[in-house]
Structures are given as C-alpha cells and as structure tokens.
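Have a look at the structure that comes next, please.
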Amino acid sequence: MLEIKNLNFSYGKNHVLDNINISATSGEFIAIIGPNGAGKSTLIKIVDGILHTRSHMVMLEERPLDKISRRDLARIVAYLPQESSFTFNYTVREVVLMGRFPYINGVWAYTKEDFQIIREMMVLMEIDGFVERSFNELSGGEKQRVLIASALAQQPKIILLDEPTSALDIHHQIAIYQILKKLQKEQNLTIIVVTHDINLAAQFCERIILMGDGKIISDGRPEEVLQFQLLQDTFGVKVYIDINPLTKSLYILPYG
Amino acid sequence: MLTEISFRVKIFFLILLLIVTFLVAPLIGNGMSDIFNFFSTEIGQRIFFELRLPRVVFAFLVGFSLAMVGVAFQSLLQNELATPYTLGVASGGALGAVTAIKSSLVFTIFGISTVTLFAVAGSVATIFIIYSIAKGSARISPLTLILTGVTVSLLFSSLILFIHYLADFTETYRMIRWLMGGLQVSGWSSSIITFPFVLLSFLYLFHQAFALNIINSGEELALSKGVDVLRLQKRVFFICSVLVGIIVAFAGPIGFIGLIIPHLIRLLIGADHRKLLIAASIFGGVFLIWCDTLARTVITPAELPVGIITAILGGPFFIWLLIKQKRSL
C-alpha cells in the first residue's frame, strides 16, 4: 500500500527528515507522534505530494509517487491540513462536493453517482442536517467533520490527517477518533494521523510511530513505543505511564 | 432571503435585465426625445448604429471582463480586496498611455490610437515583469504576487507622476482624462478586437470554475484534491492579465467594477464559481452600460468620465449592502 524507503528531505539547508523507512498495509490505523519540529507534518505532506522529493523514495500501490498525476493521487490519498479556511462562503454541500474533483471532467459533469457518494459521506459524518449552511460559520468540530466528509468523497485508500483534534473539546476529540475507527473497520481505509494527543493515539491506534529530530525513534504497538525512557529522551520531560483500567489502553501523564 | 431563490430564477431575471438594457440604453441620450423621428433621419440612424450601439456593446464587454477577472483574482489570490488591477497590469498600461501622450506620438494606425498601442505595450511589459518574478519557483504564494503587483504599481505611478510633471497643460489634461477611464469608441473596431479575448478568457475560467472553488481554500487542500495549483495560477494570471491589458488600453483604468461586482453577486448567489462567473460577468457588463449611459447624459452635451460614475455609484451602494447584510463576505 504505502512504502517509504530511505526518505530524506530538507528545506534549503535545513535537514528535516533523515532516512525514514515506513511501510503500511491496507486498513492500518497509524499515529505519528513526536515533539514540534520532528518532521511529522513534513512527512505526511510528502506522502500526498504537496512537498516534492526528487527520487523514488515513496511508493504508493507499487507505483513511485512522482509518476502519479495529481488527479490520480487525489483518488488514492486524501489529506486534511492542520488548518483550512475559505476566503469566501461555501456551503457544506459545496465543500463536500470538492472531494469529487479528481473524478469529474468539465464543469457541469457530475453524475448521479457523485451526488450519491457525497450524500452517503454527509450521512456518515452526520452533517446531512446542515448541508446548506455556510462552512465558515460552523464550529470547529463541525468544520472538521465536513472536511473529513470531503476527503472521503475522494474515495481514497489512504487518509492523512494533520492534528485533526487539536482545536476540539474532549467530546469532539473522541467523536473524531470513533469515526476514524469506524472507517478503518468498515472501509478498510489506511489512516495516518499526526497528533500530539498520545493518549487518544494509544487508545485508538494499533500502531504508533515516534519521531524525533527527523528520525524514526520507534515504530510499533503502543506498548512497544510508549516506554518511559524513549518518551523522556524524545520529548525531554518525565512521564508517568499506566493502563486505563476501563479501556485497557496505555495512558501517559507528563510531569516536571 | 435572496439566497433562497433558485439560481435559475436569478439568471432568468439577469438575462431579462440584459435584454432590456441592450434595447433601452442605446436609445437614451441627446436627440432621442422623439424616437420615431430620430430613426427616420439618416443622421439619427448613423448616431444609433455607429455611435450608440457600438458603445453599449463595448461597455458590456469591458464591464463583463472586469467583473470576471475580479472574480478569478479574488479566488486565486485568496484575497477579498483583489481587483483586476492588483497585479499592476493597469499601471503598466497607464504608463504606456501617458508616455504616448507626452511624446506627441498621437495618431491612429488602422483605426487604433497609438495611445492604445502604447498602453498594450505597457501592460505586456508588466505581465513579463510579474511573470519573470514568479517564474521558476515551485510555488507562487498569493501574498508574494500581491506585494509584487503593488510594488510594480507604485513604481509605475511615480513614473507617471514624473511624466506628468514634464508635460504641458494640454498634455496633462489628456493624461488625467485618460486615467479616469472612458468608453468613447466610434465604430466596432474596439469591440471586434476585444471580443475574442473576452470569449476565450471566459471559456477558460468557466472550465476551471470548480478548481477556482477549491483553490480558494489554500494551496495544500487544493493540491490534495487534485488541483494542479501552479499550472492553474500561471494560466489564470496570464490569460486574465492579457485581457485586462487590452481592456485598459481601450477604456482606461475604470475602477470599482472588478472589486464590487464580484462581492455583490457573491452575496446574492453564493461563492460557487460555476454560477458566480456567469452572473458576475453579465451583471458587470449591464452595470457598466448604465454607468456609461449616465456618464453620457448627466451633464449633456458634455460627458463625464465613466470611471467617476462607477466609483460614485458603486462605493455607497456597496457600503449599504455591507451594513445591510452584516455578515462576512
């Protein structure tokens, strides 16, 4: 599905990614954690071809990334930036419809299938109750759901999310992760989420990649990655690690 | 709310307005108090077919283009204040025109004044300057382009002032008159020359309407939805700038239409470019026809520069709309 081999990347002289190797299969739910500036966002932007690398270091479905056209790439990978805003007022329906862009030819060329798909996605994300509302007037949680619906309308095989819950309250944080979990199970979607919320990642993801200083520090199941020494070395703070007796998942508490 | 009336109904009324405008506007003006007698004289027919009608058609093309380019630039530059002149093309055109007036090279070749030709040259030069700055980079940031455009405009404006200072009173008057914008065309040549550019630009932009919606959200989301952002930016800038250069060369820098008409129509029908491009362009054309009709008649037998009318009518009307809507654009 996704194969990243010996990936290096720099902004000018500033080296950001150093020898990254990741391979992901269909239906994996992966969290990428790490301190600010570790290169997490850069990594997923490279996977969606937003930042360019010169050589064939990223393979998607056994094709090198730089041989895939923008439109074809948008049918395989969907991406949610950290922040999205529209200069002008679009309705929820119009934003979701944007997800069909890689499939349409011409301007009024939507088929019934396109509308069927966006309706399904709007129902799935529970935004079908306010399709004519203006996107810019929605709350943070609603906007995030609309953007996910728009990303899903691309019918991608991989969805990349850059801190999807950073602006949300705890209720909406859990809601977003539950939706992602459901998508993983029902649609066999590969999900890669960059996050600072290690506890949510530990509860919902089967695999966590810990990055620090442009390198992969550790990659594996939450109990393999969330270790006292690794976290202390990478983040530079002490952490208390325990198991939540209700969910049986690990949680951490940083302390100083 | 106006937004709840369906798009088809609004477009129907807009086209009705367009037809009425084309039928009525050419009839308004000097010597038209008795329409039937007017048409029975040869001079009357000539005024109508060789002056009034070409002028109304040309006003429509100019208003149509300015509103259309305003829509495209506001989306592409992700900026509510963008206008067709934001990238400095009009200033380049103005510098060309002013240079032609000062150097006394004013004559006509094949019915086109050298002032117009110099203005085209100025616009083209500006397009090349902006292009060479943007060229080669893997991405063009809207902010860099706006800053480049504003800087180029300021530079050209100071050069225009310099030429003004060197000019005598007659030349200065002609320069200022040109900078106010005007649609005093005679015959069809201006319309015939601009029409293919207007048509091609519209077809291209309309074909890209869906991409223009998406690019409004910024580069990253647009790329992830499959929009080839750099190619779209370059093509839209190039096509629109050439159109603006030609329009400015013939009509001078008529202000306000490219700024307010897109906002006005966005308030009425929403931000979807498939609808917005059609409605804003047509309304821009109709609006300029009426502004020009006023310009022709309000201090008859003299004429006002139409640029003054668009600003005087457009400004307060738009402020009224903003207050009335009390919502973000």
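Taken together, the values in this text are just the output of simple stated rules run on the coordinates, not laboratory data. These numbers were taken from a predicted model, which means no experiment stands behind them. Note that each Cβ is placed from the backbone with ideal geometry, even for glycine, and that neighbours are counted across all protein chains shown.
So if we plug the beta-carbon distance of residue B:79 and residue A:75 into 1/(1 + (r/R0)^6) with R0 = 35 Å, what FRET efficiency do we get, rounded to 0.05?
0.70
Could you tell me what percent of the DSSP beta bridges with both partners in segment A:105-256 are antiparallel, to the nearest 5? Numbers along the way, then the final one.
Working: 11 of 16 bridges.
The answer is about 70 percent antiparallel.
Against the longest alpha carbon principal axis of chain A, how many degrees, from 0 to 90 and to the nearest 10, is the axis of helix A:170-187 turned?
Roughly 70 degrees between the two axes.
Now for a different question. Taking Cα centroids, how far is segment B:81-156 from segment B:261-329 in Å?
Centre-to-centre distance over Cα atoms comes out at 24 Å.
Sticking with this one: Can you give the extra length, in nm with one decimal, that the chain gains between residue B:193 and residue B:158 once fully stretched, where that is 0.36 nm per residue apart less the Cα-Cα distance?
Going from the current span to full extension adds 9.5 nm.
Among the GluC sites (Glu not before Pro) in segment A:121-209, which ones are in a DSSP loop with at most 14 other Cβ atoms within 10 Å of the Cβ? Mind listing them?
Here the sparse-neighbourhood loop sites are A:126, A:132, A:206.
To one decimal place, what Kirkwood hydrodynamic radius in Å is obtained for segment A:2-255 from all pairs of distinct Cα atoms?
19.1 Å
When the convex hull of the Cα atoms of segment A:148-253 is projected onto a plane and the area is averaged over all directions, what value comes out in nm²? Kindly include the intermediate steps, with their values, before the conclusion.
On the way: hull surface 29.6 nm².
Across all orientations, segment A:148-253 yields a mean hull projection of 7.4 nm².
What is the mean number of Cβ atoms from other protein chains located within 10 Å of the Cβ atom of each residue in peptide B:224-235, rounded to a whole number?
Partner-chain Cβ atoms within 10 Å, mean over residues of B:224-235: 5.
So for the pair residue B:170, residue A:18, with labels modelled 7 Å out along Cα→Cβ, what separation do we get in nm?
7.6 nm
Which shape class applies to chain B: rounded if a/c is under 1.5, otherwise prolate when a/b exceeds b/c and oblate if not, where a ≥ b ≥ c are the square roots of the Cα gyration tensor eigenvalues?
It comes out oblate by the Cα gyration axes.
Considering every residue in B:147-153, what mean count of other chain Cβ atoms within 10 Å of its Cβ is obtained?
0
For segment A:81-196, compute Rg over Rh where Rg is the Cα radius of gyration and Rh is the Kirkwood radius from the inverse mean 1/r over Cα pairs.
With Rh from the inverse mean 1/r over Cα pairs, Rg/Rh is 0.95.
Expressed as a rounded percentage, what relative contact order does chain B have, with Cα pairs under 8 Å and six or more residues apart?
With pairs under 8 Å counted, the relative contact order is 31 percent.
Residue-wise, which Karplus ³J(HN,Hα) couplings in Hz belong to segment B:280-290, taking 6.51 cos²θ - 1.76 cosθ + 1.60, θ = phi - 60°, and x for glycine or proline?
Once θ is set to phi - 60°, the couplings for segment B:280-290 become 5, 5, 4, 5, x, x, 4, 4, 6, 4, 6 Hz.
Taking just the alpha carbons, could you work out the radius of gyration and Dmax for the protein assembly as shown, both in angstroms?
When restricted to the Cα atoms of the protein assembly as shown, Rg and Dmax are 28.8, 99 Å.
Taking a threshold of 26 Å on the Cα-Cα distance, which of the pairs A:181/A:238; A:182/A:215; A:67/B:225 fall above it?
Table pairs above 26 Å Cα-Cα are A:181/A:238; A:182/A:215.
Further, regarding this structure: Would you mind getting me the FRET efficiency between residue B:177 and residue B:41? Use the beta-carbon distance for r and R0 = 35 Å, nearest 0.05. Numbers along the way, then the final one.
Values: r = 31 Å, r/R0 = 0.89.
Here the calculated transfer efficiency is 0.70.
Average partner chain C-beta neighbours within 10 Å, per residue of A:79-87?
So the per-residue partner count for this stretch is 6.
Just to be sure I understand the model, the point goes 7 Å from the Cα along the line to the Cβ. What's the resulting residue B:105 to residue A:8 distance in nm?
Rounded to a tenth, the inter-label distance reads 5.5 nm.
Right, another one. What trypsin sites (Lys or Arg not before Pro) in segment A:154-256 are in a loop by DSSP, with at most 14 other Cβ atoms within 10 Å of the Cβ? Kindly include the intermediate steps, with their values, before the conclusion.
Values: sites: A:157, A:181, A:182, A:185, A:207, A:215, A:238, A:248; in loops: A:157, A:248.
Filter output for segment A:154-256: A:248.
Let me ask something else about it. Charges at C-beta only: +1 for Lys and Arg, -1 for Asp and Glu. How large is the resulting dipole of segment A:2-255 about its Cα centre, in Debye rounded to 20?
Charge dipole, segment A:2-255, about its Cα centre: 460 debye, nearest 20.
Further question on the same structure: Would you grab the residues whose amide H sits under 5 Å from the one on residue A:161? Only those 5+ places off in sequence or on another chain, please, with H modelled 1.01 Å from N.
A:80, A:192, A:193, A:194
Let me ask something else about it. Classify segment B:80-223 from the C-alpha gyration tensor, please: rounded if a/c falls under 1.5, else prolate or oblate depending on whether a/b exceeds b/c.
oblate
May I pose another question? Ordered by packing density, taken as the mean number of other Cβ atoms within 10 Å over each peptide's residues, highest first, how do B:49-60, B:139-150 rank?
B:49-60, B:139-150
Just to be sure I understand the model, the point goes 7 Å from the Cα along the line to the Cβ. What's the resulting residue A:247 to residue A:181 distance in nm?
Here the modelled spin labels are 0.7 nm apart.
Dipole magnitude of chain B about its Cα centre, charges +1 at Lys/Arg Cβ and -1 at Asp/Glu Cβ only, in debye to the nearest 20?
For chain B, the charge dipole is close to 600 debye.
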